[in-house]
1. Could you go through the stretch 276-295 and let me know if any residue there is open to solvent by 60 Å² or more (accessible area, probe 1.4 Å), within 16 Å of the ligand (Cβ to nearest atom) and either touching a helix residue (DSSP H, G or I) at 6+ places or on another chain (Cβ under 6 Å) or under 24 Å from Thr191 (Cα atoms) (or both).
2. Tell me which residues, restricted to the stretch 206-219, are of a type in the set (A, V, I, L, M) and within 14 Å of the ligand (Cβ to nearest atom).
3. Do we have Thr191 as surrounded by fewer than 21 Cβ atoms within 10 Å (Cβ to Cβ) and of a type in the set (Ser, Thr, Tyr) here?
4. Here are some residues: Phe222, Phe235. Which one is within 16 Å of the ligand (Cβ to nearest atom), of a type in the set (Phe, Trp, Tyr), under 22 Å from Tyr181 (Cα atoms) and open to solvent by 10 Å² or more (accessible area, probe 1.4 Å)?
5. Does Met156 satisfy the condition of being hydrophobic (A, V, I, L, M, F, W, C), within 12 Å of the ligand (Cβ to nearest atom) and either closer than 25 Å to Ala103 by Cβ or at pLDDT below 95 (or both)?
6. Tyr134 - would you say it is in a loop (DSSP other than H, G, I, E, B) and either modelled with pLDDT of 95 or more or within 12 Å of the ligand (Cβ to nearest atom) (or both)?
7. Quick one: which strands (runs of 3 or more DSSP E) sit completely within the stretch 228-301 and have at least 2 residues that are more than 18 Å from Gln145 (Cα to Cα) and small (Gly, Ala, Ser)?
Amino acid sequence: MNKEGKRFPLSLAELSDRGSRKTPAEPAGGRARTPQTATRNAAGNHASDGGERSQRGPVTGPVLGNAGTAGVKRASPVPVFQADRQAPVVSDGIRRAMVERLAQQGIRDTKVLAAMQAVPRHLFIEPALVSQAYIDASLPIGHHQTISQPYIVARMIEVMRDNGWGGKLDRVLEIGTGCGYQAAVLSLLATEVYSIERIRPLHELAKTNLRPLRIANIRLQFGDGMLGLAQVAPFDGIILAAAGLEVPTALLEQLRIGGRLVAPVGGRHQVLQLIERKSKFDWSTATLEDCHFVPLRPGTA
Ligand code: SAH
């Protein structure tokens, strides 16, 4: 096991039995139409292709990580998790197809690809939708919110990691925990992950989803993420999983100099923005691509 694997004792072998409802079934051909489907992605999306391929193609084994597919050849060894007990081979194979698709969609950061390979997305999806866990779509998680599509999760983390410190991230902040999936991915790439959710039942859902994974470096916080977490700032990176008309000033202030914040910004039309803190009083902004997220809302619910 490599260093990161030791640091994050997230052993899927240790997953408690969450019932057969969580067994990933064959991916459905269709795509859910919910927010967070980046429009750039929509054009070249091979979601159902990938899923169907993975269900038909030979599944070679439960080993995570050194995905031998063309698109992810350069992936560094995954912080090794074992696949879940219920369907280790199926879930691993389908997830590998998802990662292959992410590479085709332009995700280049091998550590991000490896983390996407390692986290069992199906454990964050409600039973009725679990068959769609590995298609490239956002899916409802209740309370009018969604789990983000795999592409946008990978993309935001990749952009955040492309910093002047060679991708090193000590402390990161996520606004909008939702079901906890992105926090789990982040936990493999940062020393400490703080994640804030404003809807109490979703905060509880994330706790429930993450508990069996035994991830030691995630801190879930119930509250208004627009205020950030001043008591533990500054952060090396900040990701917003919900779109506001602008990025809250508090979050800009809580970014370390040299740190990167990635956020969807806009109303009906949204773009993914990268904000880098250049100095105490100076931030640069770049617009990356169109996207579609649920709205960032003030207060708690
Ligand atoms: N990160 C999630 C995505 C969740 S969707 C994933 O892994 O898939 C976005 C979430 O942001 C919703 O749960 C929503 O309730 C939450 N949210 C919106 N405004 C917020 C705010 N001001 N503070 C904290 N969470 C917020």
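The values are calculated or read from the model by the stated rules, or taken from the named source; none is laboratory data. Every value quoted in this text rests on a predicted model; they were computed, and no experiment measured them. So basically every Cβ, Gly included, is an ideal-geometry build from the backbone, and we count neighbours across all protein chains shown. The protein model used for the area step is the full one, side chains on, heavy atoms only, and it has no ligands, DNA or RNA in it. Shrake-Rupley method; radii C 1.70, N 1.55, O 1.52, S 1.80 Å.
1. No, the stretch 276-295 contains no residue that is open to solvent by 60 Å² or more (accessible area, probe 1.4 Å), within 16 Å of the ligand (Cβ to nearest atom) and either touching a helix residue (DSSP H, G or I) at 6+ places or on another chain (Cβ under 6 Å) or under 24 Å from Thr191 (Cα atoms) (or both).
2. Kept after step one, since they are of a type in the set (A, V, I, L, M), are these residues of the stretch 206-219: 206, 210, 213, 215-216, 218.
Result: Ala206, Leu210, Leu213, Ile215, Ile218.
3. Numbers: surrounded by fewer than 21 Cβ atoms within 10 Å (Cβ to Cβ): yes; of a type in the set (Ser, Thr, Tyr): yes.
In short, yes.
4. Values: Phe235 fails: open to solvent by 10 Å² or more (accessible area, probe 1.4 Å).
Phe222 is the lone residue from the list that is within 16 Å of the ligand (Cβ to nearest atom), of a type in the set (Phe, Trp, Tyr), under 22 Å from Tyr181 (Cα atoms) and open to solvent by 10 Å² or more (accessible area, probe 1.4 Å).
5. Numbers: hydrophobic (A, V, I, L, M, F, W, C): yes; within 12 Å of the ligand (Cβ to nearest atom): yes; either closer than 25 Å to Ala103 by Cβ or at pLDDT below 95 (or both): yes.
So Met156 fits the description; yes.
6. Numbers: in a loop (DSSP other than H, G, I, E, B): yes; either modelled with pLDDT of 95 or more or within 12 Å of the ligand (Cβ to nearest atom) (or both): yes.
Spelling it out, Tyr134 is indeed in a loop (DSSP other than H, G, I, E, B) and either modelled with pLDDT of 95 or more or within 12 Å of the ligand (Cβ to nearest atom) (or both).
7. On the way: elements: 235-240, 255-266, 270-279, 282-291.
The qualifying strands (runs of 3 or more DSSP E) are 255-266, 282-291.
Table: residues versus (1) buried (at least 22 other Cβ atoms within 10 Å of the Cβ); (2) farther than 19 Å from Leu205 by Cα.
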site: Phe124; (1), (2): yes, no
site: Ser131; (1), (2): no, yes
site: Tyr134; (1), (2): yes, yes
site: Met156; (1), (2): yes, yes
